[in-house]
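A.B. asks: Next up is a structure, given as structure tokens.
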Amino acid sequence: MNDSENQGQHCCRHTGHCCGYAHIADGAMDKTMLVRIVVTIVATVALHFTEIEGWWRFAAFLVVYLIIGYDILREAAEGILHGEVFDENTLMAVATIGAFALAIMSGSGDYNEAIAVMLLFQVGELFQSHAVGKSRRNIVALMDIRPDYANVEHGGSVAKIHPNEVSIGTEIVVRRGEKVPIDGVVTEGRSMLNTANLTGESVPRGVSVGDEILSGCINMGDKLRIKTTKAFGESTASKILQLMEASGSHKSRSENFISRFARVYTPIVCYAALALAVVPTMVCTLLMGEPLGAAFEAWLYRALTFLVISCPCALVVSIPLSFFAGIGAAGRLGILVKGSRYLEMLSKVRTIVFDKTGTLTEGNIDSEDRVKSTSRLAVDTLRSEGISEIVMMTGDRREVAERIGNEVGVNRIYSELLPEGKVAHLESVMAEKGRGEMVAFVGDGINDAPVLRRADLGIAMGALGCDAAIEAADVVLMDDDPMKIMTAIRVSRRTLQIVWQNIVLALGVKAVCLMLGAVGIANMWLAVFADVGVMVIAVVNAMRACQAAKLPGTVALSMR
């Protein structure tokens with residue numbers, strides 16, 4: 001399988017595009033492939049009952065073979081021309097052409113196996129394309145929070161214009177049921193906002209004159225007038241979409257491992273298949289006296305079967321898809337992860353360092369700073385789920401820090417710190433971590449930008465509309481509930497569990513089938529069925545990353 005540099009950018013032959021977060025109309029291409037599959041099945045059955053022999057029979061089956069496999073043959077040829085010899089297209093092309101050659105050599109005229117191998121492979125690829133496309137469309141629909149227009153008053157009438165044409169400081173009108181197109185401040189009106197697309201929470205938020213309002217929210221009440229404070233491209237909805245679209249730029253260690261594995265594994269099995277065709281043939285001919293033609297035909301068939309089994313499709317397809325689904329699931333919950341690398345790192349976090357103000361507390365400097373209602377529960381839940389060390393750092397006075405820290409139950413408290421002091425203390429905490437363990441810092445993303453960048457994993461909390469958070473953090477929580485941290489870790493652990501299930505499944509089945517193929521027990525039909533079957537199972541398992549999971553003491557991870 002050709003490796004793409006970007007997670008979520010697996011290139012699908014049936015779509016002709018890479019499977020990222022873009023709008024891609026792949027339904028028509030899937031329908032075309034479905035028609036090709038049906039035509040191939042009907043034509044093969046018809047030829048089975050048609051009495052034609054010799055080269056006419058060969059020509060008829062060749063036409064059917066080209067109907068179902070012309071794209072694989074074309075891409076195999078293109079891969080060879082570009083030096084990418086060892087991919088699944090080349091393996092399938094060699095195996096099926098070899099099956100045709102064996103049918104000609106034996107004089108049997110049985111070309112059904114070559115067509116069946118290609119047919120089963122295409123069925124598996126169609127299933128994969130459909131699954132990836134469905135996941136992509138769901139995420140695209142979910143993240144479609146940026147409206148196409150803004151209502152601007154001109155001479156007493158309201159005109160709809162593209163939000164990109166609205167300058168900072170312009171007053172716009174948002175009616176009931178409309179999305180807020182650009183970040184701003186309410187200048188007239190009072191209403192309730194649906195923020196589910198941003199925060200993952202279903203409880204509406206009330207706004208009135210003077211309140212900040214963020215793009216992507218839906219106005220559920222009366223008309224609002226809003227004075228824009230940002231340009232369209234810098235508003236929250238645009239930033240979220242940019243973040244989701246760029247999340248493929250950081251591949252996880254698991255994906256990099258699979259990419260490196262495939263580049264080494266595929267040439268090895270190709271050379272092993274060549275040796276399987278040649279060495280036993282020579283042994284049987286020279287030492288056992290078997291006819292060269294019969295021995296070569298038998299071992300060539302085993303070698304071709306070995307090649308078909310060796311296709312690493314299940315691994316190369318399902319691993320990026322698992323992370324793709326996991327990032328999408330997190331996004332639905334108001335947790336934006338900048339790439340699969342950071343989703344994987346979340347599962348390895350064992351130490352969390354919290355900022356105090358606005359993170360564990362309400363962040364009100366006019367009155368006494370109060371602990372958030374869910375902070376203690378969040379700390380207790382994190383500790384019960386394997387987070388061994390929970391630290392609080394703050395620039396506040398020592399007595400205030402100790403009161404808050406003791407109330408929420410952290411292990412260590414550092415107070416009266418400037419930003420550079422937070423970085424220095426974070427580095428000392430990081431020096432204590434074990435091998436493979438990650439230290440996360442959770443802050444509000446404004447004055448904590450330096451320490452967010454320095455941590456193994458920076459998590460910005462309650463960072464709606466905050467450019468510093470989006471830029472500095474690796475994970476952005478779109479509301480200020482500390483329980484979202486455990487939610488993010490749960491999504492990460494679930495995704496990694498599925499990734500390793502797929503790795504073990506694919507490698508285990510491959511190992512067994514390769515041995516069976518080498519000794520002649522598995523034929524080519526079984527080889528393709530096993531390969532396609534494993535790929536289908538792995539893809540279905542990967543999609544489980546989108547399913548609901550229940551967290552103790554908080555809401556379900558439901559896919560609305």
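The values are calculated or read from the model by the stated rules, or taken from the named source; none is laboratory data. Because the structure is predicted, anything quoted here is derived from the model rather than measured. Positions of Cβ are backbone-derived with ideal geometry, glycine not excepted, and every protein chain shown enters the neighbour counts. Note: areas computed on protein heavy atoms with side chains; ligands, DNA, RNA excluded. Shrake-Rupley method; radii C 1.70, N 1.55, O 1.52, S 1.80 Å.
A.B. asks: Can you pull out every residue in the stretch 322-335 that is part of a helix (DSSP H, G or I) and either open to solvent by 10 Å² or more (accessible area, probe 1.4 Å) or without any contact (Cβ under 8 Å) to a residue 12 or more places away in the chain (or both)?
C.D. replies: ARG332
A.B. asks: What are the pairs, 6+ residues apart or on separate chains, where a residue within the stretch 372-396 that is in contact (Cβ under 8 Å) with a residue 40 or more places away in the chain has its Cβ under 9 Å from a residue that is open to solvent by less than 20 Å² (accessible area, probe 1.4 Å) and of a type in the set (Phe, Trp, Tyr)?
C.D. replies: SER375/PHE354; VAL379/PHE354; VAL391/PHE354; MET393/PHE354; MET393/PHE441
A.B. asks: Okay, moving on. Just need a number here: residues in the stretch 54-77 that are under 17 Å from GLU113 (Cα atoms) and either open to solvent by 70 Å² or more (accessible area, probe 1.4 Å) or in contact with a Lys or Arg (Cβ under 8 Å, 6 or more places away or on another chain) (or both).
C.D. replies: Residues that pass the stated criteria total 6.
A.B. asks: Follow-up question, since we're still on this one. Cβ-Cβ below 6 Å, separation at least six or inter-chain, first residue in the stretch 428-441 and open to solvent by less than 30 Å² (accessible area, probe 1.4 Å) and in a strand (DSSP E or B), second modelled with pLDDT under 90 and not acidic (Asp, Glu): which pairs?
C.D. replies: Partner pairs satisfying both residue conditions: VAL439/LYS433; PHE441/VAL451; PHE441/LEU452.
A.B. asks: State all residues of the stretch 219-255 that are in contact with a Lys or Arg (Cβ under 9 Å, 6 or more places away or on another chain), at pLDDT 65 or above and either buried (at least 22 other Cβ atoms within 10 Å of the Cβ) or over 23 Å from PRO181 (Cβ atoms) (or both); if no residue qualifies, say none.
C.D. replies: ASN219, LEU224, PHE232, SER235, THR236, ALA237, SER238, ILE240, ARG253
A.B. asks: Is at least one residue of the stretch 353-370 of a type in the set (Gly, Ala, Ser) and buried (at least 19 other Cβ atoms within 10 Å of the Cβ)?
C.D. replies: yes
A.B. asks: Ok, one more. Restricting the stretch 257-296 to residues that are open to solvent by 50 Å² or more (accessible area, probe 1.4 Å) and in contact with a helix residue (DSSP H, G or I) (Cβ under 6 Å, 6 or more places away or on another chain), which is nearest to ARG341 (Cα to Cα)?
C.D. replies: Out of the qualifying residues, it is PHE296.
A.B. asks: Can you tell me which residue within the stretch 78-106, out of those that are more than 35 Å from the chain's Cα centre (by Cα) and not hydrophobic (A, V, I, L, M, F, W, C), is least open to solvent (accessible area, probe 1.4 Å)?
C.D. replies: Result: GLY98.
A.B. asks: Another question, then. How many of the residues making up the stretch 402-422 are more than 16 Å from ASN447 (Cβ to Cβ) and either of a type in the set (A, V, I, L, M) or part of a helix (DSSP H, G or I) (or both)?
C.D. replies: The qualifying residues number 9.
A.B. asks: Look through ILE319, ILE387 and report the one residue that is of a type in the set (A, V, I, L, M), open to solvent by less than 50 Å² (accessible area, probe 1.4 Å) and assigned to a loop (DSSP other than H, G, I, E, B).
C.D. replies: Going through ILE319, ILE387 in turn, just one is of a type in the set (A, V, I, L, M), open to solvent by less than 50 Å² (accessible area, probe 1.4 Å) and assigned to a loop (DSSP other than H, G, I, E, B): ILE387.
A.B. asks: In addition: Quick check on my filter: what residues within the stretch 122-148 are open to solvent by less than 30 Å² (accessible area, probe 1.4 Å), part of a helix (DSSP H, G or I) and at pLDDT below 80?
C.D. replies: Correct list: GLY124, GLU125, GLN128, SER129, ALA131, VAL132, GLY133, SER135, ARG136, ILE139, VAL140, LEU142.
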